[in-house]
Amino acid sequence: MDSIDREILYLLQEGLPLSSEPFALIAEKLGITPGEILSRLKLLREEGVIRRFGASLRPPKVGILANAMVAWKVPSGRVEAVGTALSRFPEVTHCYERRTVPGKWDYNLYTVVHGPNQETVRRLVARMAKKTGIKDFIILFSTKEFKRASAGRIT
Amino acid sequence: MVTLDKTDRKLLQLVQDDFPLVEKPWAEVAAKLGVGEEEAIRRVKRLLREGVISRIGPIIDARKVGLKASTLVAVKVAEGEVERVARIINGFKEVSHNYERDNAYNLWFTVTARDEEELEKVLKKIKRKTGIREDDFLELRSQRVFKIGLKFNFTE
């Protein structure tokens, strides 16, 4: 990744301009051709710098009103298997193993799940628990969104 | 909730999963939808205006651009203080997500920084600015990522 790549990503952070030839507008600002922008973007995607190129959506606007973080207490020898199994659920959008705070907070695996309402999310979590055999978990429904941005940023 | 017809749903699916990296992307999207380019752009504009789509562009992998340390923080905040504390936390560019959740630890946010040292500095600053006590502060450092990817199914 070089300085031109960074410039391209920086300019696109605001979102692609909505016109017939959006990459031409970016190219003009940087003094390169739209073709070069596109080949650089494809390379960045291949390298994994760009995880995905496309639309970010707001779930509540399309009827996905409930989101919960589910914290699981998984025996250390089973983290790999349980994390993999939970990630396979399409409703799981994030799955992380995290350090615990011993004696204060002992959950070590976290999944973010979405659904039309709290009831559907509870039913889904019950299926996840059954599938993995993990009985010790806590469902943390979000009651208010204060911020939702991309962790990957170019400054 | 925003009303979506069949074409809108197909459009959302396309621009979410498989945005064409070509000079005239909307012409290609339109062709797949069986509508004209102008109609495709008009529909996307509406979906952006209505807030269904927040942005179209690259989603960047934090680690690959040098942001290697990340953590989840949960704090206990008094009922009437949540808005004020959340606003202070939101002010940090290193904070990407911040939610109120139904637990004694009622505010949950993620922090991403260049390295452990920078992360520690940001956390210290957050504690100082919000006045959250050490006892009410849980830091759950990421150990391993199994999955990231907010994607939805619109067409079943």
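Over all directions, the projected convex hull of the C-alpha atoms in region A:3-46 averages 2.9 nm² in area. Of the residues B:89, B:36, B:51, the one whose Cα sits farthest toward the positive end of the charge dipole of region B:1-112, with +1 on the Cβ of Lys and Arg and -1 on the Cβ of Asp and Glu, is B:89.
Counting only Cβ charges, +1 for Lys and Arg and -1 for Asp and Glu, the dipole size of region B:30-93 around its Cα centre is about 240 debye. Each residue, residue B:50 and residue A:148, gets one label point 7 Å from its Cα in the Cβ direction; the gap between the two is 1.6 nm.
Placing unit charges on the Cβ atoms only, positive for Lys and Arg and negative for Asp and Glu, gives region B:62-141 a dipole magnitude near 400 debye about its Cα centre. What does the C-alpha gyration tensor say about the overall shape of region A:19-84? Classify as rounded when a/c is under 1.5, otherwise prolate if a/b is larger than b/c, or oblate. Oblate. Other protein chain C-beta atoms within 10 Å of residue C-beta, averaged over B:47-56: 6.
Could you size up the charge dipole of the protein assembly as shown around its Cα centre, putting +1 on the beta carbon of Lys and Arg and -1 on that of Asp and Glu, and report it in debye to the nearest 20? The dipole of the protein assembly as shown has a size of about 780 debye.
Positive end of the dipole of region A:3-46 (Cβ unit charges, origin at the Cα centre): among A:23, A:33, A:9, the Cα lying farthest that way belongs to A:9.
Placing R0 at 45 angstrom, the Cβ-Cβ distance between residue A:88 and residue B:22 gives a FRET efficiency of 0.90 after rounding to 0.05.
Taking 1.306 mPa s as the viscosity and 10 °C as the temperature, the Stokes-Einstein diffusion coefficient of region B:6-49 based on its alpha-carbon Kirkwood radius rounds to 156 µm²/s. For the set B:93/B:129; A:61/B:10; A:104/B:124; A:61/B:32, the pairs lying more than 18 angstrom apart at their alpha carbons are A:104/B:124; A:61/B:32.
Pairs from the list A:29/B:24; B:6/B:147; B:6/B:45 with a Cα-Cα gap above 21 Å: B:6/B:147. Note on the protein assembly as shown: Rg/Rh from C-alpha atoms, Kirkwood Rh, equals 0.98. Multiplying the residue separation of residue B:39 and residue B:84 by 0.36 nm and removing their Cα-Cα distance gives an extension gain of 11.9 nm. Think of the protein assembly as shown as having a plus end and a minus end, set by charges on the Cβ of Lys, Arg, Asp and Glu; of A:151, B:80, A:90, B:80 sits farthest toward the positive end of this dipole. Using the Cβ-Cβ distance between residue B:2 and residue A:6 with R0 set to 45 Å, the FRET efficiency from 1/(1 + (r/R0)^6) comes to roughly 0.85.
Coordinate-derived values only; no laboratory data. Quick caveat: nothing in here was measured; it's all calculated off a predicted structure. With ideal geometry, Cβ positions are generated from the backbone for all residues, glycine too; neighbour counts draw on all protein chains shown.
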